[in-house]
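Structure record follows, encoded as structure tokens.
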Amino acid sequence: MKKLLASKKKLFSMVGILSFAVISISSISFATSFTGGRSSANFNAYYDSSVSKNGYTGAYDTARSDWNAASGSVNIGKTTSTSGNPDRYYVGSTATSGLLGLTTPYKTTGGVAGVSDKWAYATVVIYHNQMQAYGMNSVQKTSNATHEVGHTLSQAHPSTSSSSVMKQGIQSIGVQSYDKQSLIAKWGN
Ligand SMILES: [Zn+2]
């Protein structure tokens, strides 16, 4: 897994923000928040039909409400329209063992954005077949969705001893006090 992550790490800023089941032992540590991201944390999410088809509507709903409750400046709504640059949530499958999710930001000018760029919107996919392969329960799946939605709010993988839903690996937690502080530091109270 370590080798796998190392080979994927270079793609970090080019194809998106990868989230693995197994925590890598890496010298690279990220800041708590990305310097880039959306211009505000008040935006909508559009659920692709793959979400309900695979039974993840509740997981994404909980993820949004958990983050929304952490800051008055954060409000990820839900829309049935793809107009107005909503984020787009998906449930998919991947051949990459241990890859639980992927958030890909897009620039206002089109094309994939880096974590220091301004984002127009992001796509989020969580991988059903990998969650099944790791025997993850519904709480762990929801935690995975919360982690990915955290990336859409410019939350990075932190190197901290504190509990954080933004750490990589399989977890059974929602937004923690560390995450709330990081969110408020980025977006305001
Ligand atoms: Zn991640």
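Given springs between every Cα pair under 10 Å in a Gaussian network model of the chain, which of Thr80, Thr94, Thr104 has the largest fluctuation? Answer for the Gaussian network model of the chain: Thr80.
On the basis of the beta-carbon distance and an R0 of 45 Å, Thr57 and Ser161 show a calculated FRET efficiency of 0.85. Mind telling me which of Gln176, Gln132, Gln140 comes out most flexible in a GNM of the chain, alpha-carbon contacts under 10 Å? Most flexible of the set in this elastic network: Gln132. Label positions at Ser39 and Asn129, each projected 7 Å from the Cα along the C-beta direction, are separated by 4.0 nm. Basic side chains Lys and Arg get +1 at the Cβ, acidic Asp and Glu get -1 at the Cβ, and with that the dipole of the chain about its Cα centre reaches some 380 debye.
For the chain, a Kirkwood hydrodynamic radius built from all Cα pairs, placed in the Stokes-Einstein relation at 37 °C and 0.692 mPa s, yields a translational diffusion coefficient of 202 µm²/s. Using only Cα atoms, figure out Rg for the range 97-189 and give it as a multiple of 2.2 N^0.38 Å. Against the compact-globule rule of thumb, the ratio is 1.12.
To the nearest 500 deg cm²/dmol, what mean residue ellipticity at 222 nm is calculated for the chain from DSSP H runs of n ≥ 4 alone, each contributing -39,500 (n - 2.57), summed and divided by the residues? Calculated from helices alone, the mean residue ellipticity at 222 nm is -9000 deg cm²/dmol. In this structure the amide hydrogen of Val165, modeled in the peptide plane, comes within under 5 Å of the amide hydrogens of Gln176, Asp179, none closer than 5 places in sequence on its chain.
In whole percent, and with a 1.4 Å probe on the protein chains, what portion of the accessible area of the chain is carbon and sulfur? The nonpolar share, carbon plus sulfur, comes to 49 percent.
Highest GNM mean-square fluctuation among Tyr178, Tyr47, Tyr56, for the chain modelled with Cα contacts below 10 Å: Tyr178.
The distance between label points at Asn75 and Ala185 comes to 2.6 nm (points 7 Å beyond Cα on the Cα→Cβ vector).
Less than 5 angstrom separates the built amide H of Tyr46 from those of Thr79, Asp87, Arg88, Tyr89, all sequence-distant by 5 or more or on a different chain. Structural size metrics of the range 28-107, computed from C-alpha coordinates, are Rg and Dmax of 14.0, 39 Å.
The values are calculated or read from the model by the stated rules, or taken from the named source; none is laboratory data. All figures in this text were calculated on a predicted structure; none of them were measured in a lab. Heads up, the Cβs are rebuilt from the backbone with ideal geometry, glycines too, and the neighbour counts pull from every protein chain shown. When the accessible area is computed, the model is the full protein with side chains, heavy atoms only, and any ligands, DNA or RNA have been set aside. Shrake-Rupley method; radii C 1.70, N 1.55, O 1.52, S 1.80 Å.
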